[in-house]
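Undergrad: Starting off with a structure, shown below.
All of the numbers you see were taken from the coordinates with simple rules; none came from a lab. Being a predicted model, the structure only gives us computed values, none of them experimental. Note: ideal-geometry Cβ built from the backbone for every residue, glycine included; neighbour counts use all protein chains shown.
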Amino acid sequence: MIQVCKNNKGIEEFIEYLNQKNIEYSIENCLDECKICHSKLFFKKNEDTIIADSTEELIDKI
């Protein structure tokens, strides 16, 4: 399952995509990736941290 940090800046567009595609995800209070969270978009999937500079890049990495 995909986990998204609620504090990640700019993640709203990614969440919209997940909803449109009916992809299961959870919004977490904190994923303990603060250095990443404040500078890039990211999500965790099966304990792997996936990082991107844009929403499009993040979507391509699902």
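Undergrad: Taking the Cα centre of the chain as the origin, how large is its charge dipole in debye, to the nearest 20, when only Lys and Arg (+1) and Asp and Glu (-1) carry charge on their Cβ atoms?
TA: Dipole size: approximately 120 debye.
Undergrad: Here's another thing I want to ask about it. Provide the net charge surrounding I59, with neighbours chosen by a C-beta distance below 14 Å and charges set as Lys +1, Arg +1, Asp -1, Glu -1.
TA: Surrounding charge for I59 is -4.
Undergrad: While we're on this one: Restricting the count to DSSP beta bridges whose residues both fall in the range 2-60, what percent are antiparallel, rounded to a multiple of 5?
TA: 65 percent
Undergrad: Out of the range 31-60, which GluC sites (Glu not before Pro) are coil in DSSP terms and have no more than 16 other C-beta atoms within 10 Å?
TA: E47
Undergrad: Also: Which net charge results for the neighbourhood of E28, defined as the other residues with beta-carbon distances under 9 angstrom from its beta-carbon, given Lys and Arg at +1 and Asp and Glu at -1?
TA: Around E28, the surrounding residues sum to +2.
Undergrad: Go through 20-26, 34-40, 5-11 and give me the packing order, highest mean Cβ count within 10 Å leading.
TA: Ranked from most to least packed, the peptides come out as 5-11, 34-40, 20-26.
Undergrad: Pairs of lysine in the range 2-60 with Cα under 19 Å and at least 8 positions apart or on different chains: total?
TA: Lysine pairs meeting both conditions in the range 2-60 amount to 12.
Undergrad: Restricted to Cα positions, what overall size does the chain have along the principal axes? Three whole-Å values, descending.
TA: 29, 20, 18
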